[in-house]
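Accompanying notes for the structure given below.
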Amino acid sequence: MPGGAARTEQEGIEEQLRCANPEKGQAGHGIVTRFAHLLSAFFVREVLQAIFLVYLARKSTTSYGQFMLAISLGQILLFISEFGINQHLVSLLVRDGAAGALSRVTSLKAGLLGLGGLGIAGFIFWQDYSPVLKTVALILGAGVASTLLPGILSPKRGPKLSDI
């Protein structure tokens, strides 16, 4: 029945509009509520991180030092591969369009991540750390650097204007 299909399609569109523009009485859809959720998640993460680091430092200062070295090496790798590129990407997207700029920036990030990873691995082996420290530093450094991988592996996926 064509009228029924059109009616359900119309109802579906109205439902999407209601979800996109919630009424003031609905809880959980306001900007303040979303901000409160993000802020509380940030504080929970920071508190758990502080508890973990204090526990690790009290349990074994050697393990704490190894952990901090590994995290620092990962942060250096992250800094090397992201240094100023995201700000430059915005101007490229405005000027050249999404397709060409995104592929160029993605290949640049992948190259910097690879070169930085080789540099960090070379530094770890050059310092002649113990095998356990080498393993911890490489694994945690790679874990920190892996935050770049979703953007590098699938550059076309990302937030859309409709998601904001």
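Return yes or no: is LEU118 surrounded by 12 or more Cβ atoms within 10 Å (Cβ to Cβ), assigned by TED's automatic domain parsing to the domain that holds VAL144 and out of contact with any strand residue (DSSP E or B) (no Cβ under 9 Å at 6 or more places or on another chain)? Walk me through it before giving the result.
Values: surrounded by 12 or more Cβ atoms within 10 Å (Cβ to Cβ): no; assigned by TED's automatic domain parsing to the domain that holds VAL144: yes; out of contact with any strand residue (DSSP E or B) (no Cβ under 9 Å at 6 or more places or on another chain): yes.
Against the criterion (surrounded by 12 or more Cβ atoms within 10 Å (Cβ to Cβ), assigned by TED's automatic domain parsing to the domain that holds VAL144 and out of contact with any strand residue (DSSP E or B) (no Cβ under 9 Å at 6 or more places or on another chain)), LEU118 does not qualify.
Please pick out the residue among GLY122, GLY151, GLY143, GLY117 that is modelled with pLDDT under 80 and in a helix (DSSP H, G or I). Working first, answer last.
On the way: GLY122 fails: modelled with pLDDT under 80; GLY143 fails: modelled with pLDDT under 80; GLY117 fails: modelled with pLDDT under 80.
Matching residue, one of GLY122, GLY151, GLY143, GLY117: GLY151.
Results for (1) at pLDDT 85 or above; (2) under 30 Å from ARG34 (Cα atoms); (3) more than 21 Å from the chain's Cα centre (by Cα), shown as yes or no for each residue.
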position: LEU73; (1), (2), (3): yes, no, no
position: LEU78; (1), (2), (3): no, yes, no
position: SER81; (1), (2), (3): no, no, no
position: ALA99; (1), (2), (3): no, no, yes
position: ARG157; (1), (2), (3): no, yes, no
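Could we say that LEU93 is at pLDDT below 75 and surrounded by 14 or more Cβ atoms within 10 Å (Cβ to Cβ) here?
Values: at pLDDT below 75: yes; surrounded by 14 or more Cβ atoms within 10 Å (Cβ to Cβ): yes.
When the stated conditions are applied, LEU93 passes them.
May I ask you to verify whether VAL136 is at pLDDT below 75 and not aromatic (Phe, Trp, Tyr)? It would help to see each step written out before you state the result.
Numbers: at pLDDT below 75: no; not aromatic (Phe, Trp, Tyr): yes.
In short, no.
The values are calculated or read from the model by the stated rules, or taken from the named source; none is laboratory data. In this text, all values refer to a predicted model and were calculated from it rather than measured experimentally. Neighbour counts run over all protein chains shown; Cβ positions are idealised from the backbone, glycine included.
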